[in-house]
1. Spin-label point model (7 Å from Cα, Cβ direction): what's the residue 59 to residue 35 distance in nm?
2. Gain in length, residue 48 to residue 11, computed as 0.36 nm per residue apart minus the alpha-carbon separation, to one decimal in nm?
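Read-outs: derived from the displayed coordinates by stated rules, not from any lab. Since this is a predicted model, take the numbers as computed values, not measurements. Reconstructed Cβ throughout: ideal geometry from the backbone, glycine too, with neighbour counts over all protein chains shown.
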């Protein structure tokens, strides 16, 4: 297990070093900027303002974090109802 952890850490470090050497100051665009906007412009539909504008920054990420935490607490609280324990046969038990 330790060898796997060490080798995984080394591979991640090599990947980070290669990424920094290949594009040290590159602006990495997201999928919406790189792909979706290109296809929308090709189809004649330029980008527009969103219906609900969350503003700049990481407001959407914070909302996803809060929603995930609330969902996780609900699923954790209801875990036994969602995944009931498996029934064991009492026929093999020495206690009758």
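1. Going from the residue 59 label point to the residue 35 one covers 2.7 nm.
2. Numbers: separation 37, 0.36 × 37 = 13.32 nm, distance 4.09 nm.
Full extension from residue 48 to residue 11 adds 9.2 nm.
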